[in-house]
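One structure is given below, encoded as structure tokens.
The values are calculated or read from the model by the stated rules, or taken from the named source; none is laboratory data. Only a predicted model underlies this, so the values are computations on that prediction, with no experimental measurement involved. All Cβ positions, glycine included, derive from the backbone under ideal geometry; neighbour counts span all protein chains shown. The area values use the complete protein model at the heavy-atom level, side chains included, leaving out ligands, DNA and RNA. Shrake-Rupley method; radii C 1.70, N 1.55, O 1.52, S 1.80 Å.
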Amino acid sequence: MRYSRTLKEDGPRYLASSAVVLAEVLKILVCTLLVFVENSFNVQAVHQLLKDTVDKPVETLKLAIPAGIYTLQNNLLYVALSNLDAATYQVTYQLKILTTALFSVSMLGKRLDIHQWLSLVCLMAGVALVQWPTKSEGDTVKKILPAGSQFVGLMAVLMACVSSGFAGVYFEKILKETKQSVWLRNIQLGLFSFVFGAIGMIVYDGRRVNQSGMFQGYNTITCLVVVLQALGGLVVAVVIKYADNILKGFATSLSIIVSTLISYFLLEDFNPTGLFFLGAVLVIAATFLYSYEYKPASSSTTEA
Ligand code: C5P
């Protein structure tokens, strides 16, 4: 995403709001296919599912809440990535593990052991260290990303942390409290997200869409970002369904390492310092400490 936002090319840059909408369309299409696969391409069974959905409008409407929040979050992440380097963004975004834990405790009644709370503190320390500007790094980053822009990026990513925690736990609650398939739920979520995303696009970029169309500035990288966003969303849905939001947080710590490596090789605005590595190690250690004895070794752990 960051690479696609900073790539210098002739002509206008693609509209992030349109990429968010397009990713929703892709998700709806893939989920529709998966609903058919789930029902062995039995058209009548799928028709019955649709009827059930229409008959229970309140159940469907519940999805409007995470959809609205996710749409806001998906747009915020583009703001963050346009104003922060990819690795700082990625590690700071790990604070969502904390918000997710807080929402899991308050909304799902999960209990956390003392070492798990401790790991959350360790996580915050790690994130703070990664953020800590050293003199030389501060100078390098300032040259490329002005302080004001970094502040905007940081605020966007912090807001995204709160929305990620809330929307994820809310979606988990819906999935685990009702019997409907994750793909059907995802279509409902996607439909609302599409509507909210389209409204957002018209409000913020309506004039530019009118001038040069929704797909202005699209290139291969943009399409790749949209596909990755859509597939990533589907993976998140499966993880929330079969594991939980907190376990999802552990998984994303691996992506810090990948993001750091890719950022280092692909983008020139990131020079990891000792503090960055110490912070990243703390974040990853916190993740492992959190998962320690998360569940006693049993078949369900293996499954998860
Ligand atoms: O960072 P976080 O894990 O909160 O990101 C969740 C992402 O997964 C968001 O982009 C959201 O739109 C997407 N998602 C999805 N379908 C779900 C749940 C989340 O596409 N059922």
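Tabulated data for the structure shown
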| read-out | value |
| --- | --- |
| Extended-chain gain in nm, criterion 0.36 nm per residue less alpha-carbon gap, L29 and V46 | 4.7 nm |
| Calculated [θ] (222 nm, deg cm²/dmol) that DSSP helices of n ≥ 4 give over the chain, each run adding -39,500 (n - 2.57) | -26500 deg cm²/dmol |
| Accessible carbon and sulfur surface of the chain relative to its total accessible area, %, 1.4 Å | 69 percent |
| Charge-dipole axis of the range 1-79 as Lys and Arg at +1 and Asp and Glu at -1 on Cβ define it, positive-most pick from M1, N39, V21 | M1 |
| Simple Cβ-charge dipole of the chain, Lys/Arg +1 and Asp/Glu -1, about Cα centre, in debye nearest 20 | 340 debye |
| Accessible surface of K173 - all protein chains present, 1.4 Å probe, nearest 10 Å² | 70 Å² |
| Contour excess over end-to-end distance, with Cα ends at F277 and L231 and 0.36 nm allotted per residue | 13.6 nm |
| Of the DSSP H helices in the chain, those whose Cα atoms cover at least 24 Å axially and whose Kyte score averages 1.6 or more | 16-38, 220-242, 274-291 |
| Mean separation of Cα contacts under 8 Å, 6 or more apart, over the residue count of the range 1-133: relative contact order % | 28 percent |
| Equivalent ellipsoid dimensions for the range 1-154 as semi-axes, Å, which come from the Cα gyration tensor, largest first | 38, 26, 12 |
| Solvent-accessible area per residue for the chain (1.4 angstrom probe, square angstrom) | 52 Å² |
| Lys/Arg +1, Asp/Glu -1 at C-beta; the chain dipole; positive extreme among V283, F215, V91 | F215 |
| Segment K179-N219, extension gain: residue separation times 0.36 nm, minus the distance between their alpha carbons | 10.4 nm |
| Cross-link table K8/K96; K56/K110; K173/K248, entries beyond 22 Å C-alpha to C-alpha | K8/K96; K56/K110 |
| Kirkwood-type radius of the chain, with distances r between different C-alpha atoms, in Å | 20.6 Å |
| Shape call, the range 62-117: gyration tensor on alpha carbons, a/c limit 1.5 | oblate |
| Rounded accessible area of V20 (nearest 10 Å², 1.4 Å probe) | 10 Å² |
| Two-site label geometry, A64 and A243: point separation in nm, points 7 Å out along Cα→Cβ | 3.3 nm |
